[in-house]
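Following: one structure in C-alpha cells, then a few remarks.
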Amino acid sequence: MHFLREFYEPMGVAKLPSVKIDHDSWKADKNYPVLYFDGFAIFQKQKFMKDLSMNDAVYINWLLEKRVSLDQKVEEDDELVAAIKLSSPKMKIKYEKGKNTPSSR
C-alpha cells in the first residue's frame, strides 16, 4: 500500500525494493539460498525511471529513513585507515545575523 500511495502521488517518487537470491554464501552440509537486498526500482509519475544500485540505495535509506546507520571503511592506497559509523543524517543549521553563510552544529 505504501508503494501504491507513492506511485500514484503526482509529485512523489516510489521505490520498489529489489531482492535477489544468493545460492553460494551460506554453506553447511549443502548450499542454502539466502535473500539479499539488491537496490531499488525507481518510479516517478507512474513510469519506471531507473534501477538504483544497492550501494546508492543504502545511502538513500540513510537519508530518508529513521534509525538507519551505516558502517563504512576509509581506505588510502588500498589500506584500511579508519572505520566510521554514520548514524544520523540530521544536521542542525544555525543562522547568525550579519553573516553570509550558515554554520552547522
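Details
- Selection from the stretch 34-53 of residues that are under 20 Å from D22 (Cα atoms) and surrounded by 14 or more Cβ atoms within 10 Å (Cβ to Cβ): D38, G39, F40, A41, D51, L52
- Elements of the type strands (runs of 3 or more DSSP E) sitting completely within the stretch 2-80 and holding at least 3 residues that are at pLDDT 85 or above: these cover 13-27, 31-44, 47-53.
The values are calculated or read from the model by the stated rules, or taken from the named source; none is laboratory data. If you're wondering where the values come from, they're calculated on a predicted model, not measured in any experiment. Here the Cβ is made from the backbone with ideal geometry for all residues, glycine too, and neighbour counts use every protein chain on show.
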